[in-house]
Amino acid sequence: MFTETYLDRCVLIVDDHADLRETLAEILEEEGYTTAQAANGQEAFDYLQANPLPSLILLDLMMPIMDGWEFRKHQCREPALAEIPVVVVSGADEQEQRAGFREAVAYLTKPVDLSALIDTVSRYCRQTR
Amino acid sequence: MAERGAPTPLNRRPRLLAWVVLLSALTFTGLATWSTARAVQARERLRFQNSVRRTEDILRNRLDVYVNLLRGGAAYFTASDEVSRAEFGTYVRRLEVTRRYPGIQGIGFSARVEPDAAGPLTRRMRREGAAGFRIWPDVAQPERHAILYLEPLDRRNQAAIGYDMFSEPTRRAAMERARDTGAAAASGKVTLVQEIDADKQPGFLIYVPVYRGRGIPTTVAGRRAALHGFVYSPFRAADLFRGIFGSEQKPRVDFRIYDGSEPRTENLLHTSQPAQVAVHNSSLFSATERLQVAGRPWTVHYTSSASFDAAAASSVVPVTLTSGVVISLLLFVVTRSQVQARERAEQGALVLQRSEAEAREQREQWRITLASIGDAVIATDPEGKVTFVNAVAEAYTGWSASEAQGKPVQEVFFALHAETRQRVTSPVEEILARGGVVGLGNHTVLVGRDGRERPIEDSGAPVRDDAGVLKGVVLAFRDVSERTRLERRRTLEHRVAQVLSEARTWEETAPGVLRAIGEELGFLWAIFWQVEPEARVLRYGEGWYRRASDTEELEAHHRHITFQWEEGLPGRAWAGKTPVRVPDVAHEPVSYPAPDGQAWSAGAGIAIPLGLSGEVIGVLEFRGLPEQAPDDATTDLLVSLGNQLGLFAERSRAEEARRATEALKAAIIHTAIDCIITIDAEGRIIEWNPAAERTFGYPREEAVGQRLSSLIIPNRLRERHEQGLSRYLATGVGPALGRLLEFPALRADGSEFAAEISIVAIQGTNSPCFTAFLRDITARKQAEETLQLQARVLESMAEGVSVADANGMILYTNAAEDAIFGYAEGELIGCHVGILNAYPPEENQRIIGEVLDHLRVYGAWSGEWRNRRKDGGIFTTHSRITALDVGDQRLLVCVQEDVTERKRTEESLHYLMDHAQCLLWHAFVEAPTAPGEPYRWDLQIFDEQAAQRFLPLDLLPGESYAEAFYRNKPPEDRQLVDRNARAAFESGSSSYIQEYRCLRRDGEVCWLSEVTHLERIAPDRWRSVGVCTDITLRKRLEEALRQRAEDLTIADRQKDEFLAMLGHELRSPLGAMVNALHLLRRRSEEPAVLRSAAVLERQLALVTRLVGDLQVVSRLKTGSFQVEKRPLDLTEVLNQAVETSRPLIEERRHQLTVALPPEMPPLCGDFTRLVQVFSNLLNNAAKYTEPGGRIQLEAICQPTEIEVRVRDSGLGIPPEQLPKVFDLFMQSERTLRRADTGLGIGLALVRGLVEMHGGAVSAHSGGPGQGSEFIVRLPRP
C-alpha cells in the first residue's frame, strides 16, 4: 500500500497564496507533520522530481503557471508520482472541485475547517515528532 | 082515505102496473140514451171536423208560405243576371230560414247546365270556394242540371251540392212541370240525397222556375228555352211536419199524409203517430181529404186520436143507458112486490120522477161538456133567446152566461162583415127562419161587448125534440185570427214575390210592393222614404194611399217632407236600423206633419228600415187606424219583407250600375284606340273592335270565332299562350293577368310588330272570358330604345347633367346630378335651378341674369359655380350650360362636374408634400420581355419641388429627379430595391416595405423607408405607388440602442464573471486569515487577544457565508449549479439552520420558538443547501426585526408536501414590494436607509435553492410594522 510506503514522509502544500500556504504549513508542523511548499503546479512538479516523494499533496486548483488540474494530469502521467494522494483545497466548493478533477482523496473549501483538515492529513501521514 | 075507499080494483092492478112501470121505464131509458148518444156524437163529430179543418189549414198555409219563400228566391235571381255563391248564402241567411220557417231543409239553386258549359261551371264553382265541386251522377243526357247552391250549407246539404236532379225521374217530373207552367211544383215522394245517415226519412222537393230575361215567357216553348234553373227546397217530411205541429202536445187528430190522390202505403210521406205508440186502429172518427201542394195532389187521412177517443168514451151515454136499465128493473121488481097498488103507483111515480131528475142531471152534464170544449157555443130557445153560453163564448162576446141568459141572441152575438162592416144576420136567425144547418160563414168579424173585434167562423144547427119540433139552436164559432193572419201573410208574400219577379229595378217594384202591403195589412197609406246620403235626410220616394181621392193632395204634401237622422218614425228606424212602431203618432214628440184638415196626423205607425249590408237605403212607413196598431206578428212579417226588399234593392242598384257600365264599355270598345279583344275560355275571339281591325288587318266578322292564338300570336309563342290559358282555367292562377306585357304580334299580312297587352279575366255566367287591351308599340319601342340608350349614356356619366326650361324650371336630372347635389332620384324635377345655387339671394338673381344674358347671345356658358347641396353643404362645380331649341321651347342643358373634391385633393397633396416630410411617387411597371431582363419602370415623382426640399439630390444635366433618386442610392441598396420589387411582382403581393440609403447633395447619407403598393392592371403591367419617409434619425437611434444593448450584455457577462471570480479571489485570503487566527489563539493566553480573536472569528464566518451565497447565486444564474439530493431528516436540517443562525438571533435578543411535528416524514434533498435556505430565512427574520422581537419556526406536514413557516414580528413588507422580495439585490428601502448590512441576495438564493428542490417559497405580510412570514413548501417524495 502506498500509505505504508509514504506514511512518514512530508505533506506538500501547493498554493499560490503565500500567507495561506505558510500559515497552513505552520499549523501542520505544530501538529507534528513535516511540510514542503510549492507556489504553483510547476514548482510542485519540479519539487517532486528533485525530492523524496511526499506522503500527501494539498493542492490548490486556481494557480498561475500551472494550475491544479494541469498538475494532476502531469502527476498521473508519471507512475512513480501517480500514487501520491491528493487533497484538493480551493476556493471552489466540492461540487466544482469534483468537476474535471480525478480521484482526490478529499475536497476541502477555503477557508478550510482546520479540524477536518488535520483529521484528513492524519489518515495519510504519520506525525514525525 | 079516498084511496082506501076503492081497494079492490087496485088489487089486480099491481101486477100489471109493475109491467107497465118496467116497460115505460125501459122505454124512457132507451129514448134518453138514444137522444143523449146522438147529441154527444154530433158534438164529437163537430169537434173532430174542426180539428181536421184546423190541421189542414195549418198545413196548407205553411206550405203556401214555403212556396212564396221560393218565389221570393226566384225573384232574387230574376232581378240580377248572376248570383254568386256568397251572395246566395247571404240572401238565405238573411231570411233566417231555420228560425222563421221551421221544418225546411234549406233553399237551393239548381242551374241548367248547357252541354258544353259543364267544365267552365265546375271551375267557376271551385274558384268561388266550393272545393271538389262536380256534377253528379255522371250520366249522358241532353239536358243536365246541377245544384249549385244550397243554404244553410250544413253537413247534409253539403252532400247534395252538384247533384243533377234532372237525372232522377220523380224530381224530373216536378222540374218539368215547374218549367212548363212557370209555377211552383212539388215532387212526389223521394229519398233526398241529403239522407246520408241511417235515419232516413221520406222527402219531397218544391221547385220554382227561374227564367232568363224578364218575367215568365208566355209560351211553353219560350219557357223551355229561357229556363235558367230552379230555386228549390228539399223537405224531409218528418222534420217538416214536426216543425209545423211540433208544439201541439195532445193532438185531437192523427193524420197520415200520402203523396198522390190515393192513400197508398208506398206513398206515405208522414204519419203523425209516433212509432212507439201502438197503432190506434179503432178510432171513433176518420176523414180523408185531398190537398193540392204546389200542383201536386196529396191525400191526408185523419183519424181521431187516442186521447180524443178516450175523452169521448167517458161520455154520459153508457151511464145513461146502464143506469136507466138498472133503475127500470129495480122499479119492476119493486112494483111487483108491492101489494098496495096505490103505493105502488105512488112509488112508481116517484121512481119516474127520479128518473126524470137523473135525465135532467145528465142534460146538465152535457151542458158542462159543451162548456168545456175549445169552440165557443151559444144555445138558444126557439124564440132566439139565449139559454146557454160556454166559457169560450163568454170570453169572445164579453157577455157572462148569467147576463146573456134570456137575451136575444143577436145582442150577444154581434157580427159584422169584415170588408163591408155591415151587420150580418146571425146563423140563429137563419136557422130559426129556415130550419136547416147553416154552414160556416166567411169574413165575419165578431164585435165583443168591449168593442174588440176578432174574425170568426161560425155555424149553427137546430135542436129538435123526438117529434122533430124545433126546440132551439146551437151556435158554434171560433176565432180564426191566426188563420186569417197566416192567410194574409201568404197572400201578401205571394203578391210581393209576384211584384219582385216582374220588375227589375227598385223604382219599378216600390209602388207594387207598397200597394200589396198596404192593401193586405189594411193600412191607410204606405211611403217609401229614400235616404239621400249627401244630404243625410230621408226624402219621399214612393207612396201608396188607400183612398185614391187623397193621393194627389197627400203625395204633394209628403214630397215636401224630409226627416233628419233620428227624427220621427222613419228617422229613428233609419238611425237605429230596427223597426219602430207607435200605437198613435199623435203622441210623437216630433210633431208629425200633415196637411190642414186631415186626420192623418194621428193613427198607428210603423217604420221598417230597408237595406241590410250595414247601410240603410230607405225606410218603409205605414200608417193605419189607431185600432190597427201592428202586432208582433205583423211587425215580424214586415221586417222579413223589408229584408227581402232591401236585398232586392241592393241587387237591382248593383245591376243598374253594371248595366250602365256595360253601356259605357260598349262605347269604349267601339271607339277605343287600343285594340280590345275578348276571348272565351276556349280561346276563341268573341269581341274584336275597330281598332283591332285596323291594327291586325282582319275584319270583325272574320276574326270572331277564330282562336286568338292562331290569329295573332306567332307560331313560336302559341304553345305558351295555350298553356297559360289552360293553367288559369285549371288553377285560377294567371301570372299574365292584370299586368302590362309586351309580345310580338302577327298581322294578317304575316308581319310582326311589338305589341303591349294587358289581359283581364272576366268571371262570366258559366265560364270566364278574357279581355285583352292591345296596342301597337313599334314606333314607341323604337323611340324608347333610342331614348333608353341616351338615358343610359346620361345616367352613366360621371358629370351631373340637368335640363331646365327657359324659366329655370328643372325638367331632368341624371343620377350623377342627383348624387352631386344630394337629392333623391327625380326629386329635383319641377324645382327652380335657383335652389341649387349657393349665392346670396340678391347676388343669385344677378348671376343667373348674367348667365342667361350670356346664353341668349352666345348659346353657351362655362365656368365655376358655387352650389348648395340639399344638406346645405357648399361646393364648387365646373359647369357648362348650353341653350338648346327643341321645337318652340328653349331648353338649358347644364353639365357640371364637382371639382370641390379635386381641388381639395390637390391642395391637400401640396400641403402634405410641404409639411408631411415624405416623398410620393407613382409608376407604371412593365414586365421584362425576356427572362433575366429588368422590369421597366416609368416612375413619376409627385411634386418634384417639394421632393427636392424633402430630399435634396444632386441632379445631372437633363436628369429627372426620379432618375437621380435611383442613381444616388448606394449600389447594394439599388440591388436590394430591384430584388424586392421583382420578388413582389413574382409573388403577386400587393405591398411591401423596404429601407435603403440615399446620398444627399450635401454629402450626407440619409435613410429612407418606402411603402410600395402594387396593383396588377394587366398580366404584364402594374401600377405602383410609393411613399418614402426619412428614417435617418430613427436609424441613428436604432444604432445607438443596439450598441447600448451590446454594452449592457457585455457588462452583465463581466459582472457574472466577476461574481464567479470573487468567490475564488476572496476565499484564499479568508483561508489565510482563518489559519492565522487559529495560530494566534493557540499561541496566546491573553484575554484581550482571545476576545479580539473571537470577534475576528465571527466576522470571518459571516464573510465566508456571504461569499458562499454569492457563489451559489452566480452559479444559479449561469445554470451551473446542481443540488445533490439524498434522503435526509428535515428536523436535522432545521436544527442545523437554527444553530447557524443562533449567534445573530442571540445578538439581537430575539425570542425564537420552534414547533416541529413529532414524526417528521423523510425528505430528499441537499442537506447543506436546505440548511442554507432556512438559516437565510432565520437570519433575515432576525435582521429585519427590532431587537427583542419574536421569531417562530414551524413545520407542518401536508399530504403532499411539508410546509415550513418562518414568522417574525418585524418591520414587515409593504404590499407593493411583496412580489419583488425574491429578486436579486432586492432590499427593503428602509434597510438601505438604515445602512444595514446585506447584499440583497439571501432571498434570491432561498428561492433558487427551494426551486431546485421542486418546491416553492412565498412571502406574506400585513404591511409595514405587521411582521412577515415566509412559507417554504417542499414536495414529499
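Values in this text are rule-based calculations from the coordinates and carry no lab data. What you see is a predicted model, and the numbers here were worked out from it, not measured in a lab. Here the Cβ is made from the backbone with ideal geometry for all residues, glycine too, and neighbour counts use every protein chain on show.
As an exercise, take the mean of 1/r over every pair of distinct alpha carbons in the stretch B:1016-1124, invert it, and state the Kirkwood radius in angstroms. Let's see the in-between values first.
Working: mean 1/r = 0.0507 Å⁻¹.
Taking the inverse mean of 1/r over all distinct Cα pairs, the stretch B:1016-1124 comes out at 19.7 Å.
Can you give the FRET efficiency to the nearest 0.05 for residue B:1089 and residue B:1040, using r as the Cβ-Cβ distance and R₀ = 51 Å?
Details: r = 60 Å, r/R0 = 1.17.
Here the calculated transfer efficiency is 0.30.
Rounded, prolate or oblate: which one fits chain A, using the alpha carbon gyration tensor with axes a ≥ b ≥ c (rounded when a/c is under 1.5, else prolate when a/b beats b/c, else oblate)? Display every interim value, and only then the final one.
Numbers: a/c = 1.32, a/b = 1.08, b/c = 1.22.
Rounded, since a/c falls under 1.5.
Starting from the Cα-Cα distance between residue B:423 and residue B:927, subtract it from 0.36 nm times their residue separation and give me the gain in nm to one decimal. Intermediate results must be reported in sequence, preceding the final value.
Details: separation 504, 0.36 × 504 = 181.44 nm, distance 13.43 nm.
Gain in length upon complete extension: 168.0 nm.
Just name one of B:569, B:912, B:806: the one whose Cα is farthest towards the positive end of the charge dipole of chain B (beta-carbon charges, Lys/Arg +1, Asp/Glu -1).
The Cα lying farthest towards the positive end belongs to B:569.
Springs between alpha-carbon pairs under 10 angstrom, Gaussian network model over chain A: which of A:42, A:95, A:75 fluctuates most?
A:95
For B:1125, B:1220, what's the fewest-to-most ordering of other Cβ within 10 Å of each Cβ?
On the way: B:1125 17, B:1220 11.
If I rank by nearby Cβ atoms, fewest first, I get B:1220, B:1125.
From other protein chains only, count the Cβ atoms within 10 Å of every residue's Cβ in A:89-98, then give the mean. Provide the component values of the computation, followed by the final result.
On the way: counts 2, 4, 13, 6, 8, 2, 7, 7, 0, 0.
For peptide A:89-98, the averaged partner shielding equals 5.
Suppose R0 equals 56 Å. What FRET efficiency, 1/(1 + (r/R0)^6) with r the Cβ-Cβ distance, do residue B:1056 and residue B:916 give to the nearest 0.05? Walk me through the numbers before you get to the answer.
Details: r = 48 Å, r/R0 = 0.86.
Step by step, r from the Cβ atoms, then E = 0.70.
Taking each residue of A:106-119 in turn, how many C-beta atoms of other protein chains fall within 10 Å of its C-beta, and what is the average?
Values: counts 0, 0, 1, 6, 13, 17, 6, 1, 6, 1, 0, 1, 0, 0.
Shielding by partners across A:106-119 averages 4.
Could you work out the mean count of beta carbons from other protein chains within 10 Å of each residue's beta carbon in B:1105-1112?
Counting Cβ atoms of other protein chains within 10 Å of each residue's Cβ and averaging gives 1.
After finding the eigenvalues of the alpha carbon gyration tensor for chain B, what semi-axes result from the square roots of 5 times each, listed largest first in whole Å?
Numbers: eigenvalues 3220, 838, 203 Å².
Each semi-axis is the square root of five times an eigenvalue, giving 127, 65, 32 Å.
Once the Cα atoms of helix B:341-372 and of chain B are each reduced to a long axis, what angle between those two axes, in degrees from 0 to 90 to the nearest 10, is obtained?
Relative to chain B, helix B:341-372 is tipped by roughly 40 degrees.
Let's see if you can work this out: charge +1 on each Lys and Arg Cβ, -1 on each Asp and Glu Cβ, no other charges. What is the dipole magnitude of the protein assembly as shown about its Cα centre, in debye to the nearest 20? Write down the numbers at each step before the final one.
Values: 167 positive and 193 negative charges, 1809 e Å.
For this selection, approximately 8680 debye.
Size of the protein assembly as shown along its principal axes in angstrom, Cα-based, largest extent first?
That gives 221, 127, 69 Å along the principal axes, largest extent first.
What distance in nm separates the simple spin-label points at residue B:904 and residue B:967, each placed 7 Å from Cα in the Cβ direction?
Between residue B:904 and residue B:967, the simple spin-label model gives 4.1 nm.
Would you please calculate the Kirkwood hydrodynamic radius of the stretch B:902-1028 over all C-alpha pairs and express it in Å, rounded to one decimal? Mind showing how you got there, number by number?
Working: mean 1/r = 0.0647 Å⁻¹.
It is 15.5 Å.
Sorting B:574, A:69 on the 10 Å Cβ count, fewest up front, what's the list?
Numbers: B:574 28, A:69 17.
The fewest-first ordering by Cβ neighbours comes to A:69, B:574.
Can you compute the charge dipole magnitude of chain B about its Cα centre, using +1 on each Lys and Arg Cβ and -1 on each Asp and Glu Cβ, nothing else charged? Give it in debye, rounded to the nearest 20. Don't skip to the answer; put the middle values down first.
Working: 156 positive and 170 negative charges, 1147 e Å.
Taking the Cα centre of chain B as origin, the dipole is about 5500 debye.
7 Å from Cα along Cα→Cβ at both residue B:1029 and residue B:395: what's the point-to-point distance in nm?
Those two pseudo-labels are separated by 11.9 nm.
In whole angstrom, how far apart do the alpha carbon centroids of the stretch A:10-48 and the stretch B:1087-1163 sit?
31 Å
Using only Cα atoms, figure out Rg for the stretch B:12-159 and give it as a multiple of 2.2 N^0.38 Å. Please report the intermediate quantities before stating the final value.
On the way: Rg = 32.4 Å, N = 148, 2.2 N^0.38 = 14.7 Å.
Expressed relative to 2.2 N^0.38 Å, the Cα Rg reads 2.21.
Would you look at the GNM of chain A, springs on alpha carbons closer than 10 Å, and say which of A:78, A:22, A:31 moves the most?
Looking only at A:78, A:22, A:31, the biggest GNM fluctuation is shown by A:78.
Quick one: if you stick a label point 7 Å off each Cα along the C-beta vector at residue B:1149 and residue B:884, how many nm between them?
Each label point is offset 7 Å from its Cα along the Cβ direction, giving 11.4 nm.
For a Förster distance of 25 Å, can you work out the FRET efficiency between the beta-carbons of residue B:847 and residue B:796, rounded to the nearest 0.05?
Values: r = 30 Å, r/R0 = 1.22.
Here the calculated transfer efficiency is 0.25.
How do the peptides B:786-799, B:156-169 rank, highest first, by the average count of neighbouring beta carbon atoms within 10 Å per residue?
On the way: B:786-799: 12.4, B:156-169: 18.9.
Going from most to least packed, we get B:156-169, B:786-799.
Relative to the longest principal axis of the C-alpha atoms of chain B, give the angle of the C-alpha long axis of helix B:1130-1147, reported between 0 and 90° and rounded to the nearest 10°.
Taking the Cα atoms of chain B, the angle to B:1130-1147 is about 60 degrees.
So what is the calculated 222 nm ellipticity per residue for chain B, using -39500 (n - 2.57) for each DSSP H run with n of 4 or more, over all residues, to the nearest 500 deg cm²/dmol?
-14500 deg cm²/dmol
Give, as ranges by residue number, the residues of the stretch B:566-585 whose backbone N falls under 12 Å from the point 7 Å along Cα→Cβ of residue B:454.
none
Taking K and R as +1 and D and E as -1, what net charge do the other residues with C-beta under 15 Å from the C-beta of residue B:749 add up to? Please list the in-between numbers first.
Details: positive: B:694, B:747; negative: B:693, B:702, B:752, B:776.
My count for the surroundings of residue B:749 gives -2.
So what's the angle, to the nearest 10 degrees on a 0 to 90 scale, between helix B:778-796 and the longest Cα principal axis of chain B?
Relative to chain B, helix B:778-796 is tipped by roughly 30 degrees.
Among B:895, B:1080, B:935, whose Cα sits farthest toward the positive end of the charge dipole of the protein assembly as shown (+1 at Cβ of Lys/Arg, -1 at Cβ of Asp/Glu, about the Cα centre)?
So the residue we want is B:895.
Report the gain in length on full extension from residue B:739 to residue B:183: 0.36 nm times residue separation, minus Cα-Cα distance, nm rounded to one decimal. Can you show the working numbers first?
Working: separation 556, 0.36 × 556 = 200.16 nm, distance 4.81 nm.
Separation in residues times 0.36 nm, less the Cα-Cα distance, equals 195.3 nm.
Of all alpha-carbon pairs in the stretch B:28-111, indicate the percentage at a distance above 14 angstrom.
Values: 2586 of 3486 pairs.
Looking at the stretch B:28-111, the distances longer than 14 Å represent 74 percent of pairs.
Pulled fully out, how much extra length does the chain show between residue B:1196 and residue B:301, if you take 0.36 nm times their separation in residues and subtract their Cα-Cα distance?
Values: separation 895, 0.36 × 895 = 322.20 nm, distance 12.24 nm.
Answer, rounded to one decimal: 310.0 nm.
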